[in-house]
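Below: the structure, in structure tokens.
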Amino acid sequence: MIDTFVLLVGAIRQLFYSRRGLLLENLALRQQLAALKRRCPRPKLIVFDKHFWVLARRFWSGWKQSLIAVAPETVVRRHRAGFRLYWKLLSKVRRPIGRRHIAKQVRELIFRMVSESPTWGALRIHGELLMLSFHISERTVSRWMKRAPRDPKPAKSWRAFLRNHRDAIAGMDSSPFQPSGSACSTASS
């Protein structure tokens, strides 16, 4: 009597279900039955089972009603974890943002060219680097030229120049076109 009642309720329920929904529910129940038939005290879901429920959640709105073996929150959690893993892997594959790093060898070469040839500009050093098969932009060369360590010898030579010629420089301060102190004092009286 009870079996007949369950059969009758099932038949009436099938009349109101869409064919697609019925097929998906049937597939979901078969998958759970296969997982439960595995001879374990507590059935362990394999990777296929987990992916099945993540896809079922994505494509079928009534997936929660036919879920028995796993809690719906578990499926949602796995779906979100998969989403996080996907974006984590995708972000690691991408190229880093910002300027590419210039090899130390190229930087030292730029510094050497700046110190040995102070009259060369960024254009000339860039051309020399291209001839040596270092492909970097002229703007990068000019940025590294600004950071090049300065040779302390020119500052010392300027100081030595001033020390050696201070008397001549002091003598140049009294200009012949400027009237001397005595001439100014007589002109004003």
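Data for the structure
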| read-out | value |
| --- | --- |
| Number of the exception - Arg163 against (1) outside any loop (DSSP other than H, G, I, E, B); (2) more than 47 Å from the chain's Cα centre (by Cα); (3) modelled with pLDDT under 70 | (3) |
| Residue match in region 131-141 (condition: more than 16 Å from Ile102 (Cα to Cα) and modelled with pLDDT of 90 or more) | yes |
| Matching entry among Leu55, Leu7 (being over 22 Å from Thr74 (Cβ atoms), part of a helix (DSSP H, G or I) and either modelled with pLDDT of 70 or more or open to solvent by 70 Å² or more (accessible area, probe 1.4 Å) (or both)) | Leu7 |
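The values are calculated or read from the model by the stated rules, or taken from the named source; none is laboratory data. For clarity, every value in this text was computed on a predicted model and none was experimentally measured. When we count neighbours, we look across all protein chains shown, and the Cβ atoms used for this are built from the backbone with ideal geometry, even at glycine. The area values use the complete protein model at the heavy-atom level, side chains included, leaving out ligands, DNA and RNA. Shrake-Rupley method; radii C 1.70, N 1.55, O 1.52, S 1.80 Å.
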